[in-house]
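**Q** One structure is given below, represented as C-alpha cells, and several questions about it will come after.
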Amino acid sequence: MRKVYVAGIGATKIREHWEVSLRELLVKAAQKAIEDSNIEKKKIQAAFIGNMSSGVLQGQEHLGSLFATWMGIPGIAASKVEAACASGGAAFHSAYLAVASGMYDCVIALGVEKMSDALTGDVTAALIMADDQDYVAFTGASFVGLNALVYRAYMKKYGAKQEDIALFAVHDHKYAVNNELAQFRREFSLEDVLKSPLIADPIRLLECAPTGDGAAAVVLCSEEYLKEANNEVKIEVAASTLATDILSLHDRDDLTTLQATVRAAEKAYKMAKISPSDVDVLEVHDAFTILGVIHLEDLGFAKKGEGWKLVKEGEIELGGKIPTNLMGGLKARGHPVGATGIYQIYDAVTQLKGEAGKNQVDDAEVALAQNVGGVGGTVSINIFRRVR
Amino acid sequence: MVKANSIPRVWRERTIKYRLIGGKCKKCGKSFYPFRRICPRCGSEEIEEVHLPREGKLLYYTVIRAPPSDFEEYAPYVVGIVELKDGTRVLAQITDVVEDQLEEGVDVEAVFRKYREQGKEGIIEYGIKFRPKT
C-alpha cells in the first residue's frame, strides 16, 4: 500500500436546490475540487460516487456513466457506491484503496443526494430502506423512530437527560453561522430545541438533521501526482477504514454503542499510528443529537455514558479538548445523506488547510471524520494528517 | 416512489410473519427473529427453526408521528422492541394502547393484526403486533 494524498476539495451549498439537478450538483462539486487540486481534469482515471437514494427519489441510477458524461471525461472507471447514509464515506474508502493499491494515480470521490424534489413521506420511506424492508420497514418504523429507541435505551442505561443530550443541536447551529455552505446558518437555544415538535418520541424536530440537496468531491492522488498539484498544504490520508455491524437494532445486545464505530476506529487509530488524544478536529455523524453523544464515546473521547458531559462542559467547542463539528455537523451544515461523508471530509480538510475562518482550530494537524450508515450498520472512518 | 411491498414479497414471508418463526443457533445458543439459515452473530449454519414464545416485555418504544408515506393514514402509532420470554427480541407495533400512557417494562402478548393496505387494488398486509397483557 502506498501513500495517498488529498489534492483538492469542492462542494456546493447544502439547501433545497430547486433549480439544480442531481447531475449538475455532481458536476459543480467536481469542478470545484478539480480546480482546487490544480490537476488537469483529463488526468482523473476513476470516480467513486457515494449516493443512497437516487433511484427511489430521482428515478436515476447509473451515476458513474452519468457523471463521466456530464463531466466530459467518458472512458474513466466510474460507479456508484451505496451504504445508506455512509455512502460518501464508503465511496471515499473505495477511492482511497484505488490509489493506495497502485491501480490508479488520480481519482475523484464524490457524494451526492437530491432530496427536495420528493414529498416528505416519500423521503421518510426512502430512508428506512437503510434497514430491513421485510421486518423493520414493514412495522412502519421510521428512521427517526429507530434512533428514538436508541435514545430511550441510552437514557435508561445511563440516567442521562434529554436537556443535556439535546445540547448537541445547539452546538452545531452555533458554528454553522460561520459556514457559507451550511443549510441552516442560525442559532437555536436549548429551549427552542426542547419545544420543537415531536417526530418520534423522545426525538424532537430540532434534534434531527434536515433533508437537503448537495454534492461534495475530493480529488485523491499519489505522491508523484501531488507534485503537479503543487499545493501549499500537503494533506495525507492517514487512515481509511470501513466496518459493519448487525443491520437491525433488535438483533443487537446493546443499543447504546455502535460496534461498527468501535471496530472501524480501532483499525483507523492503528493505521494512522495515533490515539484519540492526537486528534485536533473531529467530525461526527450526528444525524440525531443522541448519536453525536454516542459517537464521542465510541470513538474514545469519553467513557460510556458520559459523552453528553463533554458537550455540556464545552469540551467539543473551539478551544475545548476535542473540537467537534465546527462547520455545523449534520444538524446545521445539513445532511444530503449520500453526500454527507464527503462533506465531513471537506470540512475536516478545510480545517487542516487553515481555511475555516472564524471556526478555525489553531494549527490543526490531525482530523478524523466518522460517517454512519443506518443505525450503525456501516461506519466509515477517515483520518487526515497535515504533512510538514 | 418505488413500491417496496409487492404481493409476492408479502406472500413469501407469510409463515414467518404470521407464526412468529425464529431461529436458534446450535453453536452460540442465541435465538433471533426472523428465521434465517445463518446465525447473524457467529456465522454458524446450524440453525434450528423455532416457534417463538408469544409473550414478553416491552423494552423500549417510540411514537411514530412523521411516518413513511405508506403508513401516513395510521399515524400516530407505537413501535417498540419486545423481549420475548426466551430472550429473543422483536421489533413490532404496540397496539391497543394510548401513546402517552405506555410504560417501558410492561408485559405484552402477541396478537394478529393488520399492518397496512396496499391502496385500493393491492392486498392487505397482516402481521404480529403486541399489546399489554390484561
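**Q** State which residue pairs qualify: first residue within 15 Å of A:Ile381 (Cα to Cα) and inside region A:275-289, second residue among the basic types (Lys, Arg) in any location, beta carbons under 7 Å apart, and separation of 6 or more residues or different chains.
**A** From region A:275-289, the pairs are A:Asp286/A:Lys331.
**Q** How many residues does region A:317-331 hold that are farther than 22 Å from A:Ile342 by Cβ and buried (at least 24 other Cβ atoms within 10 Å of the Cβ)?
**A** The total comes to 0.
**Q** Related question: Taking region B:116-134 as the region of interest, how many residues are of a type in the set (Gly, Ala, Ser) and crowded, with 16+ Cβ neighbours inside 10 Å?
**A** Selection size over region B:116-134: 1.
**Q** Do any residues in region A:115-141 that are at the interface with chain B (Cβ under 7 Å from one of its Cβ atoms) and assigned to a loop (DSSP other than H, G, I, E, B) have Cβ atoms under 7 Å from those of residues that are surrounded by fewer than 19 Cβ atoms within 10 Å (Cβ to Cβ) and among the aliphatic types (A, V, I, L, M), where the two are at least six apart or on different chains, and which pairs are they?
**A** A:Gln133/B:Ala4
**Q** May I ask you to list the residues in region A:213-242 that are over 30 Å from A:Arg263 (Cβ atoms) and of a type in the set (Gly, Ala, Ser)?
**A** The answer is A:Ala229, and nothing else.
**Q** Looking only at region B:53-107, count how many residues are charged (D, E, K, R), facing chain A (nearest Cβ under 10 Å) and closer than 19 Å to B:Lys30 by Cβ.
**A** 2
**Q** Then there is this: Being of a type outside the set (Lys, Arg) and outside the structural domain of A:Gly354 (by TED's automatic domain parsing): is that true of A:Leu149 here?
**A** no
**Q** Of everything in region A:96-114 that's buried (at least 19 other Cβ atoms within 10 Å of the Cβ) and in a helix (DSSP H, G or I), which residue is farthest from the other protein chains (Cβ to nearest Cβ)?
**A** A:Val99
**Q** Among the strands (runs of 3 or more DSSP E) lying completely within region A:1-87, list those that include at least 3 residues that are in contact (Cβ under 8 Å) with a residue 60 or more places away in the chain, out of contact with any Phe, Trp or Tyr (no Cβ under 7 Å at 6 or more places or on another chain) and closer than 24 Å to A:Gln370 by Cα.
**A** Because the criterion is at least 3 residues that are in contact (Cβ under 8 Å) with a residue 60 or more places away in the chain, out of contact with any Phe, Trp or Tyr (no Cβ under 7 Å at 6 or more places or on another chain) and closer than 24 Å to A:Gln370 by Cα, the strands (runs of 3 or more DSSP E) in region A:1-87 that meet it are A:5-11.
**Q** Return yes or no: is A:Leu255 in a loop (DSSP other than H, G, I, E, B) and crowded, with 24+ Cβ neighbours inside 10 Å?
**A** So A:Leu255 fits the description; yes.
**Q** Here's something else I'd like to know. Out of all the residues in region A:166-203, which are of a type outside the set (D, E, K, R) and within 19 Å of B:Ala66 (Cα to Cα)?
**A** Once the filter is applied, which keeps residues that are of a type outside the set (D, E, K, R) and within 19 Å of B:Ala66 (Cα to Cα), region A:166-203 yields A:Val193, A:Leu194, A:Ser196, A:Pro197, A:Leu198, A:Ile199, A:Ala200, A:Pro202, A:Ile203.
**Q** Which ones in region B:1-49 are loosely packed, with under 12 Cβ neighbours inside 10 Å and in contact with a helix residue (DSSP H, G or I) (Cβ under 9 Å, 6 or more places away or on another chain)?
**A** Selection gives B:Lys3 alone.
**Q** Identify all residues within region A:127-164 that are farther than 21 Å from A:Val379 by Cβ and basic (Lys, Arg); write none if there are none.
**A** A:Arg152, A:Lys156, A:Lys161
**Q** Within the group A:Glu236, A:Glu180, A:Glu191, which residue is part of a helix (DSSP H, G or I), over 15 Å from A:Asn325 (Cβ atoms) and at pLDDT 95 or above?
**A** It is A:Glu191.
**Q** Scan region A:223-250 residue by residue and report those that are away from chain B (no Cβ under 14 Å), out of contact with any His (no Cβ under 7 Å at 6 or more places or on another chain) and surrounded by 19 or more Cβ atoms within 10 Å (Cβ to Cβ).
**A** A:Tyr225, A:Leu226, A:Ala229, A:Ile235, A:Val237, A:Ala238, A:Ala239, A:Thr241, A:Ala243
**Q** Another one. Identify, by number, the condition in (1) assigned to a loop (DSSP other than H, G, I, E, B); (2) more than 14 Å from chain B (Cβ to nearest Cβ) that A:Pro210 doesn't meet.
**A** Here A:Pro210 meets the rest and fails (2).
**Q** Ok, one more. Is one or more of the residues making up region A:175-191 more than 16 Å from A:Asp347 (Cα to Cα) and within 14 Å of chain B (Cβ to nearest Cβ)?
**A** Checked against the condition, which is being more than 16 Å from A:Asp347 (Cα to Cα) and within 14 Å of chain B (Cβ to nearest Cβ), region A:175-191 yields no hits at all.
**Q** Exactly one of these conditions fails for A:Gly307: (1) more than 12 Å from the chain's Cα centre (by Cα); (2) within 26 Å of A:Val150 (Cβ to Cβ); (3) touching a residue at least 60 places away in the same chain (Cβ under 8 Å). Give me its number.
**A** Exception for A:Gly307: condition (3).
**Q** Run down A:Glu224, A:Glu207, A:Glu236, A:Glu163 and say which single residue is in contact with a helix residue (DSSP H, G or I) (Cβ under 6 Å, 6 or more places away or on another chain) and of a type in the set (D, E, K, R).
**A** The match here is A:Glu207.
**Q** Among A:Lys156, A:Lys174, which is the only one that is over 30 Å from B:Ile94 (Cα atoms) and not assigned by TED's automatic domain parsing to the domain that holds A:Met52?
**A** One residue alone meets the criteria, A:Lys174.
**Q** Inside region B:12-37, can you point out the residues that are within 13 Å of chain A (Cβ to nearest Cβ) and touching a Cys at 6+ places or on another chain (Cβ under 9 Å)?
**A** B:Gly23, B:Cys25, B:Cys28, B:Lys30, B:Ser31, B:Phe32
**Q** Find the helices (runs of 4 or more DSSP H) located wholly in region A:287-388 whose residues include 2 or more that are in contact with a Ser or Thr (Cβ under 8 Å, 6 or more places away or on another chain), and list them.
**A** By residue number, A:289-298, A:337-352.
The values are calculated or read from the model by the stated rules, or taken from the named source; none is laboratory data. In this text the structure is predicted, and so the values were computed from the model without any measurement. Glycine also receives a Cβ, built like all others from the backbone with ideal geometry; neighbour counts cover every protein chain displayed.
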